[in-house]
Amino acid sequence: MPVPVPRQRAIPAVESGQAQAAQKVGGPLKEEAHHKEAAAHHTHSAAGTTLTLLLIEDDPAGSPIVPEMLDSSGKPIRVRTARNLTEAERLLTDDVHCILLDLALPAPGRAGAAGDDELAVLKHVLELAPRHAVLALTASCDAERGAEAVRVGAQDYLFRDELDGRLLSRAIRYAVERKRSDTAERRLAEGRVRAQENRRLERGLLPTPLLEGSSLRFAARYRPGRSRALLGGDFYDTVRTPDGTVHAMIGDVCGHGPDEAALGVELRIAWRALILAGLCGDELLGTLQQVLEHERSDEEIFATLCTVDISPDGRRAGLCLAGHPSPLIARPGRPAELLPQDNNGPALGLLHGARWPRRQVELGAEWSLMLYTDGLIEGRVGTRGERLGQDGMVEMVRRQLAEGLRGENLLRAAVHEVRELNGGELTDDVAVVLLDRVP
């Protein structure tokens, strides 16, 4: 059977607003299909093309139910007619804005039988055209069926014997705008759900310190550089092993995307597993480098790392640095200062066969140890745009300690001041961990 050629009749134009809707709806939540739809509608709008209506009626040529009319500007609505759903599917292109469906049309495969489901044909059309506005057409004595059609998914219903040009024009405009509004609301709801799921996932990937039985106090602050993200390429963790040693770590994967964030999570989990397996120092970092080399997507990706193991009595610690800034230590009666960093090994993933010496440092009876990533020290300061640097950070923390800030309050103030000095949000991830020992 040859494919029927669509018949078109000139009907008055109605402003749809569909092109504008396609541009406004969804924003960053649009998927590729939505972008294509928006582009298609924008093209039609820019060219001045009016609405296209697809009429699905069993005998449109015999008794035309769509009246001939012109609006004040003389622009017509284009009408395509289909005698059945097979024709309708062929004529349902992207430039169709609204479908006018005769509910008396036989359902697919029923050859005109009434069937148990009076709205089967409507449900089929809604599945066929989920992004199009649909108007249901029924007899004036069957208002209940029309109302049920709206509950099923049509935008509105019309009576066949009461149809006139003004009513149809208004109904099409209303149906298109209502569909646009419903689509926008659905996409926003889907976007909110997706964002909530992503936040729950990322929040679940953040570490929970294992410090049960330790007298040390723990605090941390984390700010990813990526917009609307909860997780970046920085990572940290703290674990107390059965012998009473407290192990703390902080690291930074180069880059700021989701791949770097995923790699940071892998390295953190690997670090915790290796610590619980009894590894430390050079053996620990060498194994982490193997994990990095196997999991990274590019050979140029590397990660810096600082790891400390604090003795059970809390007075001494072993320090290993893999291309990472040295921690800051604050003790009563002494100005805050950086721990020695002259024995720093290379970042993980840069050199095969590299070594990372473990340096023993004395902490004392009372102290605060702050581990941080370079996002805290690379923010801009002053009118010339210089970096804050480690020296600037040390001076800042000294002042904040003198003001009596400790724990969470100290970290909150430090991150806030760095942002203020930078003149706004930092572009890099920031992670800070603080361990306090108070006898």
- Contacts under 6 angstrom Cβ, first residue in the range 76-89 being closer than 12 Å to Val125 by Cα, partner surrounded by 19 or more Cβ atoms within 10 Å (Cβ to Cβ), 6 or more apart: Ala88/Ile56; Ala88/Ala82
- Query: Got a number for residues in the range 290-328 being assigned to a strand (DSSP E or B) and either surrounded by 15 or more Cβ atoms within 10 Å (Cβ to Cβ) or in contact (Cβ under 8 Å) with a residue 60 or more places away in the chain (or both)?
  - Reply: 15
- In the range 140-178, which residue that is of a type in the set (Asp, Glu) and assigned to a helix (DSSP H, G or I) is nearest to the chain's Cα centre (by Cα)? Glu177
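Yes/no matrix, rows are residues, columns are (1) out of contact with any helix residue (DSSP H, G or I) (no Cβ under 6 Å at 6 or more places or on another chain); (2) acidic (Asp, Glu); (3) under 30 Å from Ala365 (Cα atoms); (4) in the same structural domain as Tyr372 (by TED's automatic domain parsing):
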position	(1), (2), (3), (4)
Glu266	no, yes, no, yes
Leu292	yes, no, no, yes
Glu299	yes, yes, no, yes
Ala317	yes, no, yes, yes
Pro327	yes, no, yes, yes
- Considering the range 269-289 alone, what residues qualify as being in contact (Cβ under 8 Å) with a residue 60 or more places away in the chain and either among the acidic types (Asp, Glu) or surrounded by 21 or more Cβ atoms within 10 Å (Cβ to Cβ) (or both)? Asp282, Leu285, Leu288, Gln289
- Item | So Leu103, is it assigned by TED's automatic domain parsing to the domain that holds Asp182, surrounded by 20 or more Cβ atoms within 10 Å (Cβ to Cβ) and at pLDDT 90 or above | yes
- Would it be correct to say that Asp142 is surrounded by 14 or more Cβ atoms within 10 Å (Cβ to Cβ), of a type in the set (Asp, Glu) and in the same structural domain as Thr93 (by TED's automatic domain parsing)? yes
- Message: Of all residues being assigned to a strand (DSSP E or B) and modelled with pLDDT of 95 or more in the range 361-381, which is farthest from the chain's Cα centre (by Cα)? Just the residue, please.
- Response: Glu362
- Item | Odd one out for Asp428, checked against (1) under 20 Å from Leu216 (Cβ atoms); (2) touching a His at 6+ places or on another chain (Cβ under 8 Å) | (1)
- Output the residues belonging to the range 419-438 that are in a loop (DSSP other than H, G, I, E, B), more than 23 Å from Thr304 (Cα to Cα) and either in contact with a Pro (Cβ under 6 Å, 6 or more places away or on another chain) or among the aliphatic types (A, V, I, L, M) (or both). Val438
- Members of the range 356-388 that are in contact (Cβ under 8 Å) with a residue 40 or more places away in the chain and exposed (fewer than 12 other Cβ atoms within 10 Å of the Cβ): Gln360, Glu362
- Query: If you check Arg272, Arg355, which single one turns out to be in a loop (DSSP other than H, G, I, E, B) and of a type in the set (D, E, K, R)?
  - Reply: Arg355
- Task: Select from the range 389-439 the residues that are small (Gly, Ala, Ser) and touching a residue at least 24 places away in the same chain (Cβ under 8 Å) and list them in ascending order.
- Result: Gly407, Ala414, Gly423, Ala431
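The values are calculated or read from the model by the stated rules, or taken from the named source; none is laboratory data. The shown structure was predicted, so the numbers you read here are calculated from the model rather than taken from an experiment. No Cβ is skipped: glycine too gets one built from the backbone with ideal geometry, and neighbour counts run over all protein chains shown.
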